[in-house]
Amino acid sequence: DDDAIVSRFQEYLRIDTVQPKPDYYRAVDFIKSQAKSLSLESQTIELVEGKPLLLLKWVGSDPTLPAFLLNSHTDVVPFEESKWTHHPLHAHIDHHGNIYARGSQDMKCVGMQYLEAIRKLQASGFKPIRSVYLSFVPDEEIGGHDGVEKFVESQLFKSLNIAVVLDEGLTSPTESYRVFYGERSPWWLVIKAKGPPGHGAKLYDNSAMENLLKSIESIRRFRASQFDLLKAGGIGEGDVVSVNINFLKAGTPSPTGFVMNLQPSEAEAGFDIRIPPNFDSEALERRLVEEWAPAARNMSFEFKQKFSGKQIVTAADDSNPWWSLLENAVKEAGSRTSKPEIFPASTDARYFREAGLLAFGFSPISKTPGLLHDHNEYLGKDEYLKGIDVYVSIIKAYASYESKSGSRDEL
Ligand code: MET
Ligand SMILES: [Zn+2]
Ligand SMILES: [Zn+2]
């Protein structure tokens, strides 16, 4: 019943899988126990020590058909506990039925909804024709390098014969669900400036701070130009480049703060940049070298993350049977999808797409503000339960689809 379903979700949310020290083994043990109660095949794959990836399988009756994969990551981003109204690991339900927890939207909800949908399908006597895989993967929030990036390269993955993947999406403030057919590439960029130190009262050129600020001004002009395109309307947030300064570091620390009369010899800034699939990222990189971090101005740069794989998008129209099946399945569950979009952030789906699979980003969360990575992330329990029924409909449609075609090469 619904209470038990919600309790299981809360139990998963209470497992501390917060980066940078996620307790992956507890999460895997918990999901494994769920899988056992559903008689799913299960294997734990440890491609990197300490980073288990759990792979489950609901075996279909026709092993010659390509399978589909329901992916979710088990890790969550950190939080500022004092800024939350309820502790982010307590999964408290308030009197509106909202469940507050880190991961309630991103994306422990989806992982558990897959399993609950399978539970319902089994209870109804449904038997899949096509096999259903579920992966519970580590490290998505820190780039997926020891998670899906290595998983898709493994022989095991290649042997699974998967045609299409469902991965995370975003909440929708309206009635209709958002669906994503591609995503922006992440660049986590640090630029550093050096310059001669000097008396705080002296005016001179080429100080580290002045050098860094020149770059920041130029980057901010570019940011504004992209933001203007978005504000002009007609396009989505994933269709322009986003640039945000997320840290600034400079100055000489003192016991009371920072030394005020000393111009620092080093200064740096960190940017989270996201680049849409159709954008000329090589031109942007030239701009970085020439304008944003020119060696001539004593500047250097370093990428903390950079996806340099091919930016592939999945067809989201009638040419792709998986798209039509998804759209119709959501309709049959009594809901709607809005126009497919480019995911503005980044997900593990980029690795699946690069490996030649089709992939959609989808989290069945409507009428809810987007609080991924934010304070007071929550999900209403009715919305969570409704999402399970949406997955019942989707899994049923995908697992019953009998055509042998439907891989990307055939589209
Ligand atoms: C840079 S890897 C992506 C991590 C996370 N999903 C984000 O979009 O920020
Ligand atoms: Zn996520
Ligand atoms: Zn996230």
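Read the figures in this text as sums done on the coordinates, not as results from a lab. Fair warning: this is a prediction, and the values are worked out from it, not measured in the lab. As a convention, Cβ positions derive from the backbone with ideal geometry for all residues, glycine included, and neighbour counts pool all protein chains shown.
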Just to be sure I understand the filter: pairs with C-beta atoms under 6 Å, separated by 6 or more residues or on different chains, first member in the stretch 361-382 and more than 17 Å from TYR114 (Cβ to Cβ), second member small (Gly, Ala, Ser) and crowded, with 19+ Cβ neighbours inside 10 Å. Which pairs pass?
SER366/SER172; GLU377/SER104; TYR378/SER104
What is the number of the single condition among (1) part of a loop (DSSP other than H, G, I, E, B); (2) within 16 Å of ligand 2 (Cβ to nearest atom); (3) among the polar types (S, T, N, Q) that SER135 does not meet?
(1)
Pull up the stretch 338-366, narrow it to residues that are touching a strand residue (DSSP E or B) at 6+ places or on another chain (Cβ under 8 Å) and basic (Lys, Arg), then point me to the one that is nearest to ligand 3 (Cβ to nearest atom).
ARG350
Just to verify a result, which residue in the stretch 367-411, among those that are within 16 Å of ligand 2 (Cβ to nearest atom) and small (Gly, Ala, Ser), is nearest to TRP58 (Cα to Cα)?
GLY387
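Select the strands (runs of 3 or more DSSP E) contained entirely in the stretch 143-253, then report the ones holding at least 3 residues which are of a type in the set (Asp, Glu).
Numbers: elements: 162-167, 179-183, 185-194, 242-250.
Result: empty, no element qualifies.
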Can you pull out the residues in the stretch 182-199 that are away from ligand 1 (no atom under 16 Å from the Cβ) and touching a strand residue (DSSP E or B) at 6+ places or on another chain (Cβ under 6 Å)?
ILE191, LYS192, ALA193, LYS194, PRO197, GLY198
Residues being among the hydrophobic types (A, V, I, L, M, F, W, C) and touching a strand residue (DSSP E or B) at 6+ places or on another chain (Cβ under 6 Å) - total across the stretch 8-45:
6
Please tell me if ALA359 is over 29 Å from ALA4 (Cβ atoms), of a type in the set (Gly, Ala, Ser) and assigned to a loop (DSSP other than H, G, I, E, B).
no
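Within the stretch 299-311, which residues are surrounded by fewer than 20 Cβ atoms within 10 Å (Cβ to Cβ) and away from ligand 2 (no atom under 16 Å from the Cβ)?
First, pick out the residues of the stretch 299-311 that are surrounded by fewer than 20 Cβ atoms within 10 Å (Cβ to Cβ): 300-306, 308-310.
Hits for the stretch 299-311 are SER300, PHE301, GLU302, PHE303, LYS304, LYS306, SER308, GLY309, LYS310.
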Determine whether the stretch 397-410 contains at least one residue that is more than 21 Å from ALA316 (Cβ to Cβ), within 16 Å of ligand 1 (Cβ to nearest atom) and part of a loop (DSSP other than H, G, I, E, B).
no
